[in-house]
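The structure appears below as structure tokens.
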Amino acid sequence: MTSLTELESLKDVISRHGLDARKALGQHFLLDPDITNRIAALAGSLDGRHVEEVGPGPGGLTRALLGTKAASVTAVEVDPRAAEIIRELIAFYPDRLKLVEADALKQDLTTLCPAPRHIVANLPYNVGTQLLVNWLLPKQWPPFWLSMTLMFQKEVGQRIVAEEGDNHYGRLGVLAGWRTVAEMAFDVPPQAFSPPPKVTSTVVHLLPKDKPLP
């Protein structure tokens with residue numbers, strides 16, 4: 001098996017495929033391996049567990065997740081250009097990496113891999129909030145995921161972790177506080193992305209409560 005350090009650089013992969021980030025897809029590619037490794041570590045021990053990643057793009061975070069002892073990584077990607085890059089990566093990790101070409105808003109994540117599952121993703125800006133709401137509102141609780149480690153625009157992250165009385169408190173704070181323990185872990189500056197967004201991003205870690213409020 002090829003080690004992660006032997007893989008072609010992400011910048012070279014992007015250049016070879018001519019992969020330009022598209023605003024319509026909310027794409028900003030995270031290329032800094034120190035940050036992607038930090039996100040993967042924040043998810044906690046993934047030993048023998050299954051990870052679902054939404055919007056892998058050129059696969060920076062995917063590589064970091066493969067560097068853990070996760071049993072498998074399932075990448076959900078709607079962009080066929082990025083999907084082709086993930087298919088190349090599968091050639092090096094055929095037993096641990098799976099690609100699902102689908103719109104994550106319409107995809108049932110409970111069918112993609114066995115439990116226990118963790119969701120780890122640099123979510124596309126244009127659909128990140130709706131995806132989070134979907135994952136917070138399954139009929140069955142505890143949910144199909146053990147934890148969620150997700151990147152959002154910092155303003156969205158502040159709304160997720162906000163408590164009553166906070167200026168950012170609203171729908172997202174109510175939903176997240178109802179069923180999870182949510183915390184902002186660390187910020188990610190614009191220059192860590194290609195192209196750089198106009199805002200700072202933040203990584204939010206969510207754990208399900210055993211007994212949510214009625």
Original post:
How large is the accessible surface per residue of the chain, computed with a 1.4 Å probe and reported in Å² as a whole number?
Top reply: 49 Å²
**OP:** Could you work out how far apart the two model spin labels at residue 111 and residue 210 are, taking each label as a point 7 Å from the Cα in the direction of the beta carbon, and quote it in nm?
**Re:** 3.3 nm
**OP:** For region 33-40, just list the computed ³J(HN,Hα) in residue order, Karplus coefficients 6.51, -1.76 and 1.60, θ = phi - 60°, integers in Hz, with x standing in for Gly and Pro.
**Re:** x, 5, 6, 5, 5, 5, 5, 4
Subject >> the chain - charge dipole about Cα centre, Lys and Arg +1 at Cβ, Asp and Glu -1, debye rounded to 20 >> reply: 360 debye
**OP:** Please give the length that would be gained between residue 47 and residue 191 if that part of the chain were fully extended, namely 0.36 nm times their separation in residues minus their C-alpha to C-alpha distance (nm, one decimal).
**Re:** 48.7 nm
Subject >> Carbon + sulfur, % of accessible area of the chain - ligands and nucleic acids excluded, 1.4 Å >> reply: 52 percent
Original post:
Hey, rough spin-label estimate for residue 126 and residue 24, points 7 angstrom out along Cα→Cβ, what's it come to in nanometres?
Top reply: 0.7 nm
Subject >> Residue-by-residue Karplus 3J(HN,Hα) for region 84-101, coefficients 6.51, -1.76, 1.60, Hz, glycine and proline x >> reply: 5, 5, 5, 4, 4, 5, 4, 4, 8, 9, x, 8, 10, 10, 10, 10, 10, 8
Original post:
How long is the gain from residue 164 to residue 69 if the chain were fully straight, where each residue apart is worth 0.36 nm and the alpha carbon distance is subtracted?
Top reply: 30.4 nm
Original post:
How large is the dipole of region 34-135 about the Cα centre if only Lys and Arg carry +1 and Asp and Glu carry -1, each at its Cβ, rounded to the nearest 20 debye?
Top reply: 240 debye
Subject >> Cα centroid separation, region 3-37 to region 38-65 (Å) >> reply: 14 Å
Subject >> Cα-based convex hull, the chain, per residue volume (Å³, whole number) >> reply: 114 Å³
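The values are calculated or read from the model by the stated rules, or taken from the named source; none is laboratory data. Note that the coordinates shown come from a computational prediction; the quantities given were computed from them, not determined experimentally. A quick note on method: Cβ atoms are made from the backbone with ideal geometry, for glycine too, and the neighbour counts reach across all protein chains shown. The protein model used for the area step is the full one, side chains on, heavy atoms only, and it has no ligands, DNA or RNA in it. Shrake-Rupley method; radii C 1.70, N 1.55, O 1.52, S 1.80 Å.
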